[in-house]
Amino acid sequence: MNRIFKTYLIVVLAFVLGVTGNVIGQKKGTNGNAKGNKVAAPALPRLTLPLAKDSVRFVLIGDTGTGTEKQQDLANLLLRSRQAFPFEFVLLVGDNLYGGEKPADYKTKFEDVYRPLIDQQVKFYASLGNHDEPAQRFYEHFNMDGKEYYRFTRGNVAFYALNSNYMDKKQIDWLQSELAKDQSDWKIAFFHHPPYSSGGKHGSSTGLREIVEPIFTRYGVNVVLAGHEHFYERIKPQKGIFYFISGAGGKLRKGDVKDGSPLTAKAYDQDMSFMLVEISKDSMHFQVLSRTGQTVDSGVLPRQKRVTAAVR
Amino acid sequence: MDVWLAFSLQFYCPMNTTKSIYRIAKMWFAALVFSLAASSFGEVRAQKPIDTKPVLTAQEKKLFATFDRRVNDYMKQRKAVAKKLPSLSKEATPAEIEAYQKNFVERLRAMRAGTKPGYIFIPAFTTYVRQTIKTEFAPKAKAEIKQTALEAENKGVPLKINYPYPESQELTEMPPTLLLKLPTLPKEVKFRFVKRHLLLVDSDNGLIVDYTMNAMP
């Protein structure tokens, strides 16, 4: 009892002193300062991801489908980073094809750009954005199983691809029922519209947040990944959940992150970017690379210890 | 809790002060552990799924029933056409997706040649949508709904039934809070705003099934 009591006193003291941060190695918020347009094969920065045995390794990238040279530059860096960090799959957080969806668009805005990764059997798991037709769910390389929202697992991690473009009763009921029976250690939701954002053009999708956040907190979703905003942002943990935006995979909205936003833990809006993620046991490691090969953010997040609902 | 404090103070006062404080703290700790356990148990028990059913008046229920019936009429037509089409694989090529959609749209257009706009979106339904947006949302939420619909890049969408929604045009995010107040649609069709106008669009082939003007107040 004495030992427990002493532990309790330490915990209370730590709480009082404000030692409640969730992010280990969190950096102060800045919007980055990279320069340059055309990049000729930038040097790959040192990757800080641990490459642990049996870890789950993937990439987060969004708003890709432009078919531009810059999208290709970023894809080339992604391919090169796979040599140092052999990720297994890529999460696409929507706007997979801008402008048109003819077979030629699929080719120039996706297949040609990521062909080497597709050939290396890297799987792409897509979610739908506001520029995506629902028929994309049938596309062979988006692995959506013909569904607008779906779940898949890797190791101890469950991934929920949602259609934030159309969050109706059916999807909400499906999400609640899937999460209620999910015993995975990590639950990660990915979709297009960010519930929290410091973007000047769009900002937080508060209507969506009103609906999904109570579900996420209730059922212990650990991480939420989104796009829509054409920049990178790591949001300060909200209600115990880690939120990321990685929507600069094919488009950039330079300087769009509001300066001094209270939501921002770290942001980068000076060039296009993607995020490498590795989940090993109770830790999620991440490193965000810009098109110019800079590390614009990195860190380790501990898995939240929360009581999840036991609703059946 | 005051009773706990009075009780513990009275009990421990005669003993030496350091020991007393230590024991009181221990007692408080035990009480805290007990109350936390009790409250978290209650919290888990209280957690229920979010109720997604809208609360409707008798008149609205009738309106929703009419709407559902008319949507089902479309679904029957759609099913009849889909049955004759080669099924689309879940791992289709872009060319297969395009051919499937084209074929689907052409056959549906032929079948629905005589359908008039407003068959599904009857005037009372449009009024319901307008009133719902006007009265059920706080000013900030209302402004966000309007902004989402109005800022979308979809000027080129024709307000014509039986025409495909152009694939190059943005599909506006439907505000989830509003969707929860509208009838639940089969997964094959969706509501879409094009500026202030509300459309019913087929998810698989992009056909504009119906539209109503100025559903957004």
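Since every read-out is calculated from the coordinates, none of them should be taken as a lab result. Since the model is a prediction, treat every value here as computed from it, not as a measurement. So basically every Cβ, Gly included, is an ideal-geometry build from the backbone, and we count neighbours across all protein chains shown.
Structure above, values below:
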read-out	value
Test: residue in region A:282-292 that is within 14 Å of chain B (Cβ to nearest Cβ) and either in a loop (DSSP other than H, G, I, E, B) or within 24 Å of A:Val157 (Cβ to Cβ) (or both)	no
In region A:70-114, the residues that are touching a helix residue (DSSP H, G or I) at 6+ places or on another chain (Cβ under 9 Å), of a type in the set (D, E, K, R) and either within 14 Å of another protein chain (Cβ to nearest Cβ) or without any contact (Cβ under 8 Å) to a residue 24 or more places away in the chain (or both)	A:Glu101, A:Lys102, A:Asp105, A:Lys107, A:Lys109, A:Glu111, A:Asp112
Count of residues meeting criterion [closer than 16 Å to B:Ala92 by Cβ, within 19 Å of the chain's Cα centre (by Cα) and at the interface with another protein chain (Cβ under 8 Å from one of its Cβ atoms)] in region A:127-143	1
Those helices (runs of 4 or more DSSP H) lying entirely in region B:54-158 with at least 3 residues among the polar types (S, T, N, Q) and within 24 Å of the chain's Cα centre (by Cα)	B:58-84, B:123-136
Matching residues in region A:168-185 - criterion: being assigned to a loop (DSSP other than H, G, I, E, B) and touching a strand residue (DSSP E or B) at 6+ places or on another chain (Cβ under 8 Å)	A:Asp168, A:Asp182, A:Ser184, A:Asp185
Strands (runs of 3 or more DSSP E) completely within region A:193-272 that count 2 or more residues being more than 19 Å from A:Ala126 (Cβ to Cβ)	A:232-238, A:241-246, A:264-268
Residue in region B:168-188 that is of a type in the set (Val, Ile, Thr), more than 20 Å from the chain's Cα centre (by Cα) and part of a loop (DSSP other than H, G, I, E, B) present	no
Pairs, first within 7 Å of another protein chain (Cβ to nearest Cβ) in region B:83-109, second hydroxyl-bearing (Ser, Thr, Tyr) and outside any helix (DSSP H, G or I), C-beta under 9 Å, six or more apart	B:Glu91/A:Tyr139; B:Ala92/A:Tyr139; B:Thr93/A:Tyr139; B:Pro94/A:Tyr139; B:Ile97/A:Tyr139
